[in-house]
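S.K.: The structure under discussion is supplied below as structure tokens; questions concerning it will follow.
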């Protein structure tokens, strides 16, 4: 079931948790590519970790548009995918995923994703590493700032699908890449516990473990 804009008209942390297990679907050259979302981050205008805390600009305009608007920006020169949620300036970052196959998306789509996102030496990237980071995710699905920033999802080309999967346990922890003094302590990152080993950075295996808690599905 394709997620409607009303899904995003909720608190950023609630949307970030609810997106875990949903599937991003992207049509590229007659192939449907897909990735299961395993890691997200929530951002609020009233905290310093968010782009929108720096004010409304043309580049950040999508964060101030209606819930469900796509916000894409360049992270170290590479594309990154976010979605606006309830409250002007609030958004959720899609941090990482895993290639996904079903009746709509075959294993052939995996090969296309590997071609789109090879290793630096040109060799195919392992499937478990293909979407392990916000820019790798966008590269593997051919999602570009120039095409999708400030746009709405299109069921014919790019959308997020609810496949009725809900994580049994969710890790709630600190976000990545937030500079000191910019609310780096907030537990606004969410990870599907079952797939934690494939996320951007697994807090359960760090020598110096960050603050985190485990949310169990009731």
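The values are calculated or read from the model by the stated rules, or taken from the named source; none is laboratory data. In this text the structure is predicted, and so the values were computed from the model without any measurement. Neighbour counts are summed over all protein chains in view; Cβ atoms, including those assigned to glycine, are modelled from backbone coordinates with ideal geometry.
S.K.: Can you find a residue that is closer than 22 Å to residue 8 by Cβ and exposed (fewer than 15 other Cβ atoms within 10 Å of the Cβ) anywhere in the range 118-136?
M.R.: no
S.K.: Looking at 133, 122, 109, can you tell me which residue is more than 26 Å from residue 84 (Cβ to Cβ) and in contact with a strand residue (DSSP E or B) (Cβ under 6 Å, 6 or more places away or on another chain)?
M.R.: Of the residues listed, the single one that is more than 26 Å from residue 84 (Cβ to Cβ) and in contact with a strand residue (DSSP E or B) (Cβ under 6 Å, 6 or more places away or on another chain) is 109.
S.K.: I would also like to ask the following. Pick from the range 128-155 the residues that are more than 21 Å from residue 62 (Cα to Cα) and not in a helix (DSSP H, G or I): which of them is farthest from the chain's Cα centre (by Cα)?
M.R.: Out of the qualifying residues, it is 130.
S.K.: Under 26 Å from residue 199 (Cα atoms) and crowded, with 22+ Cβ neighbours inside 10 Å: is that true of residue 19 in this structure?
M.R.: Spelling it out, residue 19 is indeed under 26 Å from residue 199 (Cα atoms) and crowded, with 22+ Cβ neighbours inside 10 Å.
S.K.: Taking the range 5-29 on its own, how many of its residues are assigned to a loop (DSSP other than H, G, I, E, B), modelled with pLDDT of 95 or more and touching a helix residue (DSSP H, G or I) at 6+ places or on another chain (Cβ under 8 Å)?
M.R.: 1
S.K.: If you scan the range 30-72, which residues turn out to be modelled with pLDDT under 85, buried (at least 19 other Cβ atoms within 10 Å of the Cβ), touching a helix residue (DSSP H, G or I) at 6+ places or on another chain (Cβ under 9 Å) and part of a loop (DSSP other than H, G, I, E, B)?
M.R.: Correct list: 50 only.
S.K.: Has the range 101-120 got at least one residue that is modelled with pLDDT under 95, part of a loop (DSSP other than H, G, I, E, B), farther than 15 Å from residue 32 by Cα and in contact with a helix residue (DSSP H, G or I) (Cβ under 6 Å, 6 or more places away or on another chain)?
M.R.: No, the range 101-120 has no match at all.
S.K.: Take the residues in the range 198-218 that are touching a helix residue (DSSP H, G or I) at 6+ places or on another chain (Cβ under 9 Å) and free of Cβ contacts under 8 Å to residues at least 24 places away in the same chain; name whichever of them is surrounded by the most Cβ atoms within 10 Å (Cβ to Cβ).
M.R.: 202
S.K.: Are any residues in the range 144-158 surrounded by 14 or more Cβ atoms within 10 Å (Cβ to Cβ) and either within 21 Å of residue 107 (Cβ to Cβ) or without any contact (Cβ under 8 Å) to a residue 40 or more places away in the chain (or both), and if so, which ones?
M.R.: Across the range 144-158, the qualifying residue is only 158.
S.K.: While we're looking at this one, here's another question. Here is a list: 163, 178. Which entry is closer than 27 Å to residue 68 by Cα, part of a loop (DSSP other than H, G, I, E, B) and modelled with pLDDT of 95 or more? I'd like the intermediate steps shown before the answer.
M.R.: Details: 178 fails: modelled with pLDDT of 95 or more.
Of 163, 178, the one residue that is closer than 27 Å to residue 68 by Cα, part of a loop (DSSP other than H, G, I, E, B) and modelled with pLDDT of 95 or more is 163.
S.K.: Another question, if that's okay. For the range 177-186, check the following and say yes or no: at least one residue is surrounded by 18 or more Cβ atoms within 10 Å (Cβ to Cβ), touching a residue at least 12 places away in the same chain (Cβ under 8 Å) and under 13 Å from residue 18 (Cα atoms). Walk me through how you get there before you give the answer.
M.R.: Kept after step one, since they are surrounded by 18 or more Cβ atoms within 10 Å (Cβ to Cβ), are these residues of the range 177-186: 178, 183, 186.
Now narrow it down to the ones that are touching a residue at least 12 places away in the same chain (Cβ under 8 Å): 178, 183, 186.
Then drop every residue that is not under 13 Å from residue 18 (Cα atoms), which leaves none.
No.
S.K.: In addition: Exactly one of these conditions fails for residue 9: (1) more than 29 Å from residue 112 (Cα to Cα); (2) buried (at least 20 other Cβ atoms within 10 Å of the Cβ); (3) in contact (Cβ under 8 Å) with a residue 60 or more places away in the chain. Give me its number.
M.R.: (2)
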